[in-house]
Amino acid sequence: MRSMLFIPGNNPGMLLNADVHGADAMILDLEDAVSPDQKDAARILVRNAVRALDYQNGKLVIRINPIGTPFFDDDLQAVVPLSPDYIMPTKVDSAEYIKALSEKLDLLEAECGLENGKISIIPLIETAEGIENAFAIAKADKRVKALFLGAEDYSADLHAVRSKQGDEILYARGRILNAARAAAIDAYDTPFTDVNDEEGLEKDASLAREMGFTGKAAISPRHITAINAAFSPSKAEIQYAKEVLEAIEEGKRLGKGAVSLRGKMIDKPVVDRAKRVIEDMLALGLGGDDE
């Protein structure tokens, strides 16, 4: 998933059109986008939207309220029967949080006749404590498939000023990313919150991809095209990856112990990156030279 678009769970119009914006995933939001007095209505709207619209143009993620709030159990009771691809728990700060959530999912999946483990988890990490516990969270349960950085609440927890350049979240980005990769799962970057700054968005998305993130969330449909472009291999990247793999195969055919390309030696990290580019190309249905 290159892009994930937040959709307020209490907005019928946005729920109706949630999967038409080209995002690889939709995050139907029962938490921050919904005021406390609208939580019940949002659950009903999300339930009816998922059942009636049967979103097919992307993965379905539902963001729930934090454990320990009056809304947590009600959210799970409403969401699990919908069998979303992922549940996104919020304010995750420990492995114990994830274990408690997974145990509840075990029971609810059984009650709903769902295969155990059908619903995966993407923890939203948005506190200083959560950042420090990122690896433990990533390894807490087999349901955890990715980590997601929530920079707005994290910056507030730091008493930091949130900026467009993001210097204040650089450590958190690195910590999240390293924890996720060490656990062999994906990592998703925080949204860029200025909906009118296209240049800033492109820079921010490019930085996230260069760091190694799998994809990036968005709060505006206007950001999806740029995010998808940033996290898709370019024609030049695809061409170079093909040349790397061709050179390796030619080296094997000739019995060479070392292979060079464009004046540089090709080592295992270069080959691994080339393979990932080709895998991404195929997964996205790109044609390479003709795209």
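Throughout, read-outs are computed from the coordinates displayed, never taken from laboratory work. Since this is a predicted model, take the numbers as computed values, not measurements. FYI the Cβ positions are ideal-geometry reconstructions off the backbone, even for glycines, and counts take in every protein chain you see.
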Would you mind calculating the relative contact order of the stretch 235-284 from Cα pairs under 8 angstrom and at least 6 residues apart, reporting the percent as a whole number? 48
Tell me which of Ala78, Asn10, Ser232 sits at the most positive position along the dipole axis of the chain, charges placed on C-beta atoms (Lys, Arg +1; Asp, Glu -1). Ser232
Give me Rg over Rh for the stretch 235-284, both radii from the alpha carbons and Rh done the Kirkwood way, two decimal places. 0.99
Kindly work out what percent of the DSSP beta bridges joining two residues of the chain are antiparallel, to the nearest 5. 5
Expressed in angstrom and rounded, the centroid-to-centroid distance over alpha carbons for the stretch 26-99 and the stretch 230-291 is 40
How large is ³J(HN,Hα), in whole Hz, for each residue of the stretch 15-23 in order, when computed from phi with the Karplus curve 6.51 cos²θ - 1.76 cosθ + 1.60 and θ = phi - 60°, using x for Gly and Pro? 5, 4, 10, 4, 9, 9, 9, x, 6
Given the rule -39500 (n - 2.57) for each run of at least 4 DSSP H residues, summed and divided by the residues of the chain, what is its mean residue ellipticity at 222 nm, to the nearest 500 deg cm²/dmol? -14000 deg cm²/dmol
At q = 0.08, 0.09, 0.13, 0.15 Å⁻¹, what is the base-10 log of I(q)/I(0) for the stretch 3-230 according to the Debye formula with one equal point scatterer per Cα and no solvent? Please give it to two decimals. -0.26, -0.33, -0.72, -0.98
Given Cβ point charges of +1 (Lys, Arg) and -1 (Asp, Glu) and nothing else, what value in debye, to the nearest 20, does the dipole of the stretch 52-159 about its Cα centre take? 380
Cross-link partners of Lys256 among lysines (Cα-Cα below 27 Å; sequence separation of 8 or more within a chain): Lys242, Lys264, Lys268, Lys275
Segments 269-282, 89-102 sorted - mean Cβ within 10 Å per residue, highest first: 89-102, 269-282
Tilt, helix 39-53 to longest principal axis of the chain (alpha-carbon atoms), in degrees rounded to tens, equals 50
Which value does Rg/Rh take for the stretch 126-247 over its C-alpha atoms, Rh per Kirkwood? 1.01
Taking a straight Cα-to-Cα line shorter than 24 Å from Lys59, and setting aside same-chain lysines fewer than 8 residues away, one finds Lys39, Lys91, Lys99, Lys104, Lys118, Lys139, Lys142, Lys145, Lys216
